[in-house]
Amino acid sequence: MSTSATFINILYISCVAEIRLMVCDVAKSEQKISFRGISAAKQG
């Protein structure tokens, strides 16, 4: 029982880490887009 619970915990933690990485990547690309928009607005 305890080994399977640990395994599930590891899976859960790795899954959460993956989601965090994805969210991080999305946030970074969103920032790039907004920065481009701001610089374009300043130029325009």
For q = 0.25, 0.31, 0.33 Å⁻¹, Debye-computed log10 I/I(0) when each Cα of the chain counts as one equal scatterer: -0.80, -0.93, -0.98
For T3 and K42, calculate 0.36 nm times their separation in residues minus their Cα-Cα distance, and state this gained length in nm to one decimal. 8.2 nm
Extension length gain for E18 and F35 (0.36 nm per residue less Cα distance), in nm, is 3.6 nm
Which angle between 0 and 90 degrees, to the nearest 10, do you get for helix 2-43 versus the longest principal axis of the chain when only C-alpha atoms count? 0 degrees
With only helices counted (DSSP H, runs n ≥ 4, each -39500 (n - 2.57)), the per-residue ellipticity at 222 nm for the chain, to the nearest 500, works out to -35500 deg cm²/dmol
Taking the Cα centre of the chain as origin, work out the dipole magnitude from +1 charges on Lys and Arg Cβ and -1 charges on Asp and Glu Cβ, in debye rounded to 20. 300 debye
Among S2, I13, A27, whose Cα sits farthest toward the positive end of the charge dipole of the chain (+1 at Cβ of Lys/Arg, -1 at Cβ of Asp/Glu, about the Cα centre)? A27
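The numbers here are math on the coordinates, done by the rules we state, and not lab data. Predicted model, so just to flag it, every value in this text is computed and none were measured. Every residue, glycine among them, receives a Cβ derived from its backbone with ideal geometry; neighbour counts consider all protein chains shown.
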